[in-house]
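Visitor: What follows is a single structure, and I will ask about it in a moment.
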Amino acid sequence: MAGLVVVVGLTGCASEQKLQSTQKGQTQQTQVAETAQEKSARTDKGSTTTAKDSLRKDEAASSAEKRKVMYEANVKMRVKNLKQARKQIDEYIRKKEGYLVDASRNRDGKSVNGQMVYRIPRPSFYPFLGYLEKVAKEIPSQNISGQDVTEEYVDLESRLKAKKAVEKRLLHLMEEAKSTKDLLQVSERLAQVQEEIEQLKGRMNYLDHRTVYATVTIHATQEAPLGSPEETPDTGERMKSSFLQSIGLLKDLFQGSLVTGAALLPPLLVLALFFLPILWLYRRRKRPSGGNGGEEENHSSL
């Protein structure tokens with residue numbers, strides 16, 4: 001009996017330990033599950049925040065792209081060779097689908113100065129300024145400015161929309177006009193509205209072009225001693241230059257001879273018309289006297 005009690009007691013203790021172990025495991029699983037849920041919630045919250053930040057950045061970028069800004073830059077630079085620098089810049093502009101607006105060149109004392117105005121697509125604006133630093137020997141100054149014309153452009157769009165609505169109503173009134181007077185009045189007003197529409201379109205096209213293309217004005221200076229050539233040509237270029245100069249001299253001489261001959265031809269013709277009759281009369285009078293003298297000589301010899 002006592003053994004049975006001991007066995008039952010041992011079995012009960014084992015059952016209690018097993019139950020406690022099971023409850024402890026369930027508690028740990030519950031804690032792990034709660035921790036996982038908390039992590040998942042924090043991850044979801046972080047993902048939501050990241051998505052919102054990304055959306056805000058996209059909206060800001062989209063807003064920046066929609067804005068219309070006219071960019072301009074003025075660059076003063078010193079170069080070793082102005083002709084070579086101009087050639088390099090022109091090649092870069094052509095590659096970026098830009099174009100030259102204006103160019104000038106002059107010599108001032110000991111320096112050769114050049115000014116070039118370029119239009120270049122806006123995405124290539126800052127890369128082009130960086131390229132100029134490679135071409136230049138030195139850049140003493142560089143000014144960049146931007147003018148935001150978004151508000152003006154939006155206003156032009158609104159005005160254009162309103163003018164088109166007025167134009168549409170006037171065209172409808174022209175169809176319903178019953179008298180010549182009414183038709184003339186509507187026609188005059190329609191012509192005025194259409195002119196205003198063209199002006200608005202022209203201004204919008206101008207702003208579109210100026211915001212799509214940035215303007216870069218370059219003031220380039222090459223130091224060159226007074227009386228020296230801007231660059232030293234090679235032997236081939238000097239031979240070619242000498243040959244062309246010789247041809248030029250011969251051409252000038254020939255042209256000068258033609259001009260001199262053309263200038264002397266009228267007075268020579270006048271002198272010929274005046275002296276030729278006198279010479280003819282003189283020679284005609286001289287022939288008879290010469291003939292009588294010959295006959296006398298013949299008689300005397302006989």
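Visitor: Checking Arg169 against (1) without any contact (Cβ under 8 Å) to a residue 12 or more places away in the chain; (2) assigned to a strand (DSSP E or B), only one condition comes out false. Which one?
Guide: Only one criterion in (1) without any contact (Cβ under 8 Å) to a residue 12 or more places away in the chain; (2) assigned to a strand (DSSP E or B) is unmet by Arg169, namely (2).
Visitor: Can you work out which of the residues in segment 116-136 that are over 24 Å from Lys68 (Cβ atoms) and surrounded by 14 or more Cβ atoms within 10 Å (Cβ to Cβ) is nearest to the chain's Cα centre (by Cα)?
Guide: So, considering only residues that are over 24 Å from Lys68 (Cβ atoms) and surrounded by 14 or more Cβ atoms within 10 Å (Cβ to Cβ), the one nearest to the chain's Cα centre (by Cα) is Met116.
None of the figures in this text is laboratory data; all of them are computed from the coordinates on show. Since we're looking at a predicted model, the values are computed, not measured. Cβ atoms come from the backbone with ideal geometry, glycine included; neighbour counts cover every protein chain shown.
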